[in-house]
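Visitor: Here it is, the structure, as structure tokens.
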Amino acid sequence: MGATEFLYRVGDAVYSMSKTVRNIIKPRASQETPTFKYLKRVVRKDLTVHEFLSLKLQISLLVYLVINLILVILRVNIIWILVLGLLYLLYLRYFVTKYSPFFLDPAPYRLFYYGIGIISLLSFLGYGILQRMKVSVYYPLGYLIVVLGGVLLFRHYFKHKYGRDYTYGIVEEVKNDLVKVFVNDDIAANVKPGYYWLPKVPEAEPGRVVKILVKERSFRSSLPERILEVHLTESSHSSMEPKNATE
């Protein structure tokens, strides 16, 4: 390899790195549909783009929590907990902003994962500090109660701001007095994605979008209960819920 070619390669590498850093610091919404090439090899289900995005957020949060737990167990310098937390929050900002056009409604997902990420960061930092203070065992127990209280307060705030008792679905099949409805992942209504059989209503035909009442259950996902409205326009799985439906 000649000196000129080597310098060109170094220049390309520096440019690519600077572009990556710039995109992370100041992310922009992408118009290219994500492919999820690696995730599709693991999850062999026909999920929508929105569901894959939600799944990636769940996986990234789980990985973040597990790494934090390992760092606390190993009693590493708390600066690493801080660095990991900041990197995770930057990743969240980049991910949600870049793929915001492909979420059915990105706002509640942004608030939820930011909130949990910040609470987790502060919790692990505080616990790491308590470890080094060599205090009585009652202090960490009390601290865990405070953390739990913080999580419950955030849950209450999230439900107050974005929580709702309805979601949207698309009619897949009509059978006697029942209709089979597909529902996407909906964090605002706390509904899991899947197919649900609901009582039939007039004009509920295959392909039509329906507004669905959900029943809240303690410490579990809400359950679709009945159809409230039928939208006369047909839609697809990826676009069945209007943008900003939680506003």
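Visitor: Cα-based Rg of region 166-239 per 2.2 N^0.38 Å, rounded to two decimals?
Guide: Details: Rg = 11.4 Å, N = 74, 2.2 N^0.38 = 11.3 Å.
Taking N as the residue count of region 166-239, the ratio is 1.01.
Visitor: With the cut-off at 17 Å, report for region 139-209 the share of all Cα pairs above it, as a whole percent. Let's see the in-between values first.
Guide: Values: 1441 of 2485 pairs.
In whole percent, the share of Cα-Cα pairs in region 139-209 beyond 17 Å is 58.
Visitor: Just want to confirm a number: the relative contact order over region 94-247, from Cα pairs under 8 angstrom separated by 6+ residues, in percent.
Guide: Normalised by residue count, the contact order of region 94-247 is 22 percent.
Visitor: Most exposed first by the Cβ proxy, i.e. fewest other Cβ within 10 Å, how do Thr33, Thr97, Thr48, Thr167 rank?
Guide: On the way: Thr33 11, Thr97 16, Thr48 19, Thr167 25.
Listed from fewest to most nearby Cβ atoms, that is Thr33, Thr97, Thr48, Thr167.
Visitor: Residues with amide H under 5 Å of Asp186's amide H, sequence separation 5 or more or different chain, H placed in the peptide plane at 1.01 Å from N; which?
Guide: Residues meeting the criterion, in which the H sits 1.01 Å from N, are Val191.
Visitor: I would also like to ask the following. Here are some pairs, Lys159/Lys200; Lys26/Lys161; Lys26/Lys211; Lys45/Lys200; Lys37/Lys159; Lys26/Lys215; which of them have Cα atoms lying more than 32 Å apart in this structure? Display every interim value, and only then the final one.
Guide: Values: Lys159/Lys200 29 Å; Lys26/Lys161 26 Å; Lys26/Lys211 36 Å; Lys45/Lys200 27 Å; Lys37/Lys159 34 Å; Lys26/Lys215 40 Å.
Over 32 Å apart, Cα to Cα: Lys26/Lys211; Lys37/Lys159; Lys26/Lys215.
Visitor: Here's another thing I want to ask about it. How far is the Cα center of region 78-94 from the Cα center of region 31-54, in Å?
Guide: Region 78-94 and region 31-54 have Cα centres spaced 24 Å from each other.
Visitor: Take region 62-102, compute every pairwise Cα distance, and split them into 10 Å bins from 0; I just need the percent in each bin.
Guide: All Cα pairs considered, the percentages come to 28, 44, 21, 8, 0.
Visitor: Something else: Take the Cα atoms of region 37-162, find their three principal axes, and give me the spread along each one in whole Å, biggest first.
Guide: 51, 34, 24
Taken together, the values in this text are just the output of simple stated rules run on the coordinates, not laboratory data. Because the structure is a prediction, the values reported are computed rather than measured. Methodologically, a virtual Cβ is constructed for each residue, glycine included, from the backbone with ideal geometry; neighbour enumeration extends over all protein chains shown.
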